[in-house]
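Data block below; observations after.
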Amino acid sequence: MSDELTGGCLCGAVRYRVADEFEYAANCHCSNCRRATGSAFKPFAGITVEKFHITAGGDSLLIYGDPSAHDAHCAKCGSLLYSLVRDGTYFHIPMGTLADAPSMFPTAHIFVASKAPWYEITDGLPQYDSFADD
């Protein structure tokens, strides 16, 4: 059994636990992630849906999108808690919502073709124009 991590929103109304078994992690610069977070990019980690569980405040979720692809925010403070992606099979967990340190960190910058023009990437991680450039 892997370690479990905890996390939640800014106001504490929504809490979650997630297995420390992320399959990938990246910094996403797409315009949707920038708007959802209000930041230059969204550091996120991807995990299958069965390894993520809301432990408190499930009735305080505001879902934006459709059943197979959406963002879930705290309805009280607005924090982005997860994005349901890949036809409803994975969650992208914003790493800033984790209370515990994960064993995986972002390994690349993705969607840099649409990054904010005022932000300069300086960390040396690989940069890709889309999600999975080879």
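The values are calculated or read from the model by the stated rules, or taken from the named source; none is laboratory data. The model shown is predicted, which means the values in this text are computed figures rather than measured ones. Glycine gets a Cβ as well: all are built from the backbone with ideal geometry, and neighbour counts include every protein chain shown.
Among the residues of region 36-57, is any free of Cβ contacts under 8 Å to residues at least 24 places away in the same chain and of a type in the set (A, V, I, L, M)? Please lay out each step first, then the result.
Initially, region 36-57 is screened for residues free of Cβ contacts under 8 Å to residues at least 24 places away in the same chain, giving 38-39, 50.
Cutting the leftovers down to of a type in the set (A, V, I, L, M) gives us none.
Scanning region 36-57, I find no residue that is free of Cβ contacts under 8 Å to residues at least 24 places away in the same chain and of a type in the set (A, V, I, L, M), so the answer is no.
Checking A13 against (1) closer than 19 Å to I121 by Cβ; (2) not in a strand (DSSP E or B), which test does it fail?
Failed condition: (1).
Given the residues F44, F52, which is the only one that is within 13 Å of the chain's Cα centre (by Cα), at pLDDT 95 or above and closer than 24 Å to G124 by Cα?
So the residue among F44, F52 that is within 13 Å of the chain's Cα centre (by Cα), at pLDDT 95 or above and closer than 24 Å to G124 by Cα is F44.
Going residue by residue through region 58-66, is there one that turns out to be closer than 15 Å to C11 by Cα, in a strand (DSSP E or B), over 10 Å from the mean Cα position of the chain (by Cα) and of a type in the set (A, V, I, L, M)? Show your work before the answer.
We begin by selecting, within region 58-66, every residue closer than 15 Å to C11 by Cα; these are 58-62.
Add one more test, that the residue is in a strand (DSSP E or B), and what stays is 61-62.
Filter once more, keeping what is over 10 Å from the mean Cα position of the chain (by Cα): 61-62.
So of that shortlist, the ones also of a type in the set (A, V, I, L, M) come out as 61-62.
So far as region 58-66 goes, yes, one or more of its residues are closer than 15 Å to C11 by Cα, in a strand (DSSP E or B), over 10 Å from the mean Cα position of the chain (by Cα) and of a type in the set (A, V, I, L, M).
Among (1) modelled with pLDDT under 95; (2) surrounded by 18 or more Cβ atoms within 10 Å (Cβ to Cβ); (3) not charged (D, E, K, R), there is one condition S68 misses while meeting the rest; what is its number?
Failed condition: (2).
Of the residues that sit in region 87-134 and are of a type in the set (V, I, T) and not in a helix (DSSP H, G or I), which one is surrounded by the fewest Cβ atoms within 10 Å (Cβ to Cβ)?
Residues of region 87-134 that are of a type in the set (V, I, T), as a first pass: 89, 93, 97, 107, 110, 112, 121-122.
Filter once more, keeping what is not in a helix (DSSP H, G or I): 89, 93, 107, 110, 121-122.
On the way: T89: 11, I93: 25, T107: 11, I110: 25, I121: 14, T122: 6.
By that ranking, first place goes to T122.
Scan region 10-46 residue by residue and report those that are more than 21 Å from S130 (Cβ to Cβ) and crowded, with 23+ Cβ neighbours inside 10 Å.
Filtering region 10-46 for residues more than 21 Å from S130 (Cβ to Cβ) gives 10-21, 38.
Matches in region 10-46: V14, Y16, V18.
Which members of region 52-66 meet the condition of being over 13 Å from L84 (Cα atoms) and of a type in the set (S, T, Y)?
T55, S60
Quick check on my filter: what residues within region 82-96 are hydroxyl-bearing (S, T, Y) and farther than 17 Å from R35 by Cβ? Even if it seems obvious, please write down each step before you answer.
Start the filter on region 82-96 by keeping residues that are hydroxyl-bearing (S, T, Y), which leaves 82-83, 89-90.
Listed by number, the residues that qualify are T89, Y90.
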